[in-house]
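Heads up, the thing below is written out as structure tokens.
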Amino acid sequence: MNALMTPLMMIVRSGEIDLAVYRWPHSAEKPTLVLVHGYPDSASVWDGLANELGDRFNVVAYDVRGAGRSGKPKPVSAYALPQLVADLKAVIDAVSPAQPVHLVGHDWGSIQAWEAVVDDTLRSRIASYTTISGPSLDHAGHWLAERLRSKEPARIKQALRQLAHSWYIGLFQLPLIAPTLWRSGLAKHWTS
């Protein structure tokens, strides 16, 4: 295991907000790996992995909008997938302007990274993509619908079990209830 290294922080502008981007020691010979965290985490969730992979990659992680030291716009519309893809593009442009990057996403970071992978503007900028605990929303919806339409009790039970484990995703989609709960204290009690 490598000795724990402290990343250098830089600010990358994406539209009207600043993103806190962390880079571990870099070398021109190594490919760049961009890590996108889930919600409600921050880029620090990647510290251990970044140190493990630093010998083979130029490792970059960033606080997605609304997290860590990055800007926290107020309107919910500022967190739509096209905005998050634009943020990732700004980070990639800043840290690897000439070469495609290897992309890793976790949880909600996987969902926004998956959106970037299928976006034509980033197609040539991403060399590979790895997702950890975060499917494409289209794939998740297909998987769930296929099981709920099934006449097999075991498959229906799988879908219901997944829905029970993913209750918070539905909650976060409610326009007035979710932001109100979050501001009233849910954020302080949320564990990742």
ask   = What distance in nm separates the simple spin-label points at GLU16 and HIS139, each placed 7 Å from Cα in the Cβ direction?
value = 3.4 nm
task = Mind sorting out which of [x] 55, 37, 36; [y] 42, 39, 34; [z] 49, 33, 30 is the real Cα extents along the principal axes in Å computed from the coordinates?
result = [x]
remark   = With every protein chain kept in place and a 1.4 Å probe, the residues ILE111, ILE177 fall, from largest accessible area down, as ILE177, ILE111
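How big is the dipole moment of the chain about its Cα centre under a simple scheme where the beta carbon of each Lys and Arg is +1, that of each Asp and Glu is -1, and everything else is neutral? Debye, nearest 20, please. Display every interim value, and only then the final one.
On the way: 19 positive and 17 negative charges, 117 e Å.
Rounded to the nearest 20 debye, it is 560 debye.
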task = Evaluate the distance, in nm, between pseudo-label points positioned 7 Å from the Cα of TYR168 and of LYS30 along their respective Cα→Cβ axes.
result = 3.1 nm
inquiry  = Compute a Gaussian network model of the chain, connecting alpha carbons closer than 10 Å, and tell me which residue from GLN83, GLN162, GLN112 fluctuates the most.
reply    = GLN162
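Can you tell me how much longer the chain between ARG123 and GLU52 gets when fully stretched, taken as 0.36 nm per residue apart minus their C-alpha distance, in nm with one decimal? Please report the intermediate quantities before stating the final value.
On the way: separation 71, 0.36 × 71 = 25.56 nm, distance 2.74 nm.
Residue separation times 0.36 nm, minus the Cα-Cα distance, leaves 22.8 nm.
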key: For the chain, built as a Gaussian network whose Cα springs stay under 10 Å, the top-fluctuating residue of GLY109, GLY170, GLY15   = GLY170
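For the chain, what is the calculated [θ] at 222 nm in deg cm²/dmol (nearest 500), taking -39500 (n - 2.57) for each run of four or more DSSP H residues and dividing by its residue count?
Values: 7 runs with 69 residues, N = 192.
Here the helix-only value at 222 nm equals -10500 deg cm²/dmol.
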ask   = Given a Förster radius of 41 Å and the C-beta distance between ILE156 and LEU81 as r, what FRET efficiency does 1/(1 + (r/R0)^6) yield to the nearest 0.05?
value = 0.90
ask   = If you place +1 on the Cβ of every Lys and Arg and -1 on the Cβ of every Asp and Glu, how big does the dipole about the Cα centre of the stretch 37-122 come out, in debye to the nearest 20?
value = 320 debye
request  = Name the residue, out of TRP46, TRP167, TRP108, whose mean-square fluctuation peaks in a Gaussian network model built on the chain with Cα pairs under 10 Å.
outcome  = TRP167
key: Built amide H within the under 5 Å cut-off of TYR62, gap 5+   = TYR22, LEU35, HIS37
key: Selected from HIS106, TYR129, MET5, residue furthest toward positive end of dipole (the chain; charges at beta carbon)   = HIS106
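At most 12 other C-beta atoms within 10 Å and a DSSP loop state: those are the exposed trypsin sites (Lys or Arg not before Pro) I care about. Give me the longest piece of the chain that has none. The partial results should precede the final answer.
Values: sites that count: ARG56, LYS151.
So the longest stretch without any such site is 57-150.
Check each of the GluC sites (Glu not before Pro) in the stretch 1-102 and keep only those in coil by DSSP with at most 12 other C-beta atoms within 10 angstrom; list them in order. Could the numbers behind the result be given before it?
Numbers: sites: GLU16, GLU29, GLU52; in loops: GLU16, GLU29.
Within the stretch 1-102, the qualifying GluC sites (Glu not before Pro) (loop, at most 12 other Cβ atoms within 10 Å) are GLU16, GLU29.
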inquiry  = Given the whole protein assembly as supplied and a 1.4 Å probe, what does the accessible area of VAL85 come to in Å², nearest 10?
reply    = 10 Å²
request  = With the Cα gyration tensor of the stretch 30-138 in hand, give its eigenvalues times 5 under a square root as the equivalent ellipsoid semi-axes, listed largest first in whole angstrom.
outcome  = 20, 16, 13
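The values are calculated or read from the model by the stated rules, or taken from the named source; none is laboratory data. Here the structure is a predicted model, which means the values were calculated and not measured. Cβ atoms come from the backbone with ideal geometry, glycine included; neighbour counts cover every protein chain shown. Just so you know, the surface numbers come from the protein's heavy atoms only, side chains and all, with ligands and any DNA or RNA stripped out. Shrake-Rupley method; radii C 1.70, N 1.55, O 1.52, S 1.80 Å.
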